[in-house]
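The block underneath contains the structure these notes are about, expressed in structure tokens.
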Amino acid sequence: MNIIELKHLVSALDRMTSPSVVDRALRSAGVSRKVLREVSGFLPYAIEAIVLEKVARAVGDRHLGARLGNAFDYSAYGPYADYVLGAPTLVSALFRSQQALPLLHPGSSIRTSAQDGKILISFCSGLSSVVGHRHLDEGAILVVCHAIRHFLGDDWAPEWIELTGAPHARLHDMETLIGAPIRTGADMSALALRMEDLMRPNPQPVVGGARLLIDDLPALMGLSPLRSVADTVDNFLRLQLIAGDTSEDGVARMLSVGPRTLQRALRAEGTSFREVKARFNEERARKYLSDSDLSIDQIAGLLGYEEPNSFRRAFRNWTGQSPGAYRDAGKKVPALGPGVARAQ
């Protein structure tokens, strides 16, 4: 999932319960508020499930995910929301949300199908085996409802909602919360709406949304979709840098796989963790030397080098220069062009 979603969710949880409860849930999921403040990119979607489950148990709220989904501010998705809500019709908005979903939830999908004369819109998180997935299932489909209400009005309600899991005693509470009948036992969460509503025109296109193209979104959102395992490792190296553990074991743990599984996946793409990390370290080293006042020894430590001289040798292999020479070259004032007078 995109970190912007977890940031918004944590802010909402802070308003619903004690921030200390939220902090404990974050720690149990292996993430900190510092990561949420300082990093953009993606986290495993399972982290959100764990956080919601921990908070739900602490406060005794079986439908915490649904309550959060119901109160979700769709505009928190930024350019993604503008792109979807700038579509001319509801059906085109659904198509846009499917297209751009990898920028929010790589690995998840929005699907459509016909059932009982209605159109069924399903959200597949791919996390049915993760504890807490029920909160994600309930919350995600209500977030989809927010986008649909932009086209159909605030009073619109689904024909019915489908949820994973078996019926339970507090199902009536859920139906009251959603304002629609609930069918349980589904493979994935879904909502039903009338076929004729798909062509409903946008009553109030988001300003600028109509001009956006899907190719504009990555730059506007400050990220790129994860297209490979190597991309994913690079993304999590950025997160683990904040946590202070960019080891192969640390990245594999964040991905909820073993180091050998990670090695095999990278090998299948013709690369290795060592190569991905070397590219990452080179990029970060160049930026630290150009854009910060950190000492070379400090940069070496941040990038996981126990000995600064090991970092110096690696940097020379990457660039043909020492870190000091690279920094000095970047500080040189470029020569002024002909005919430009120097200030006296």
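Here are the numbers for this structure:
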quantity	calculated
Residue under evaluation residue 174, criteria (1) over 30 Å from residue 232 (Cα atoms); (2) part of a loop (DSSP other than H, G, I, E, B), criterion not met	(2)
Residue in segment 227-258 that is surrounded by the most Cβ atoms within 10 Å (Cβ to Cβ), counting only those that are modelled with pLDDT under 85 and part of a loop (DSSP other than H, G, I, E, B)	255
Subset of segment 113-132 (residues that are open to solvent by 40 Å² or more (accessible area, probe 1.4 Å) and within 30 Å of residue 28 (Cα to Cα))	126, 128, 129, 131
Residue count, segment 198-213 (criterion: open to solvent by less than 50 Å² (accessible area, probe 1.4 Å) and not in a loop (DSSP other than H, G, I, E, B))	2
Selection within segment 157-187 - of a type in the set (A, V, I, L, M, F, W, C), closer than 28 Å to residue 202 by Cα and open to solvent by 30 Å² or more (accessible area, probe 1.4 Å)	157, 177
Residue 166 vs. criteria farther than 26 Å from residue 6 by Cα, assigned to a loop (DSSP other than H, G, I, E, B) and not acidic (Asp, Glu)	yes
Residue pairs meeting the criteria (Cβ under 7 Å; at least 6 apart or on separate chains; first among the polar types (S, T, N, Q), in segment 192-205; second modelled with pLDDT of 95 or more)	202/151
Count of residues meeting criterion [touching a residue at least 40 places away in the same chain (Cβ under 8 Å), surrounded by 14 or more Cβ atoms within 10 Å (Cβ to Cβ) and over 14 Å from residue 281 (Cα atoms)] in segment 298-331	1
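The values are calculated or read from the model by the stated rules, or taken from the named source; none is laboratory data. Just so we're clear, the structure is a prediction, and the values are computed from it rather than from any experiment. We place every Cβ from the backbone using ideal geometry, glycine too, and count neighbours over all the protein chains shown. To get the accessible areas, we keep the full protein, side chains included, count just its heavy atoms, and leave off ligands, DNA and RNA. Shrake-Rupley method; radii C 1.70, N 1.55, O 1.52, S 1.80 Å.
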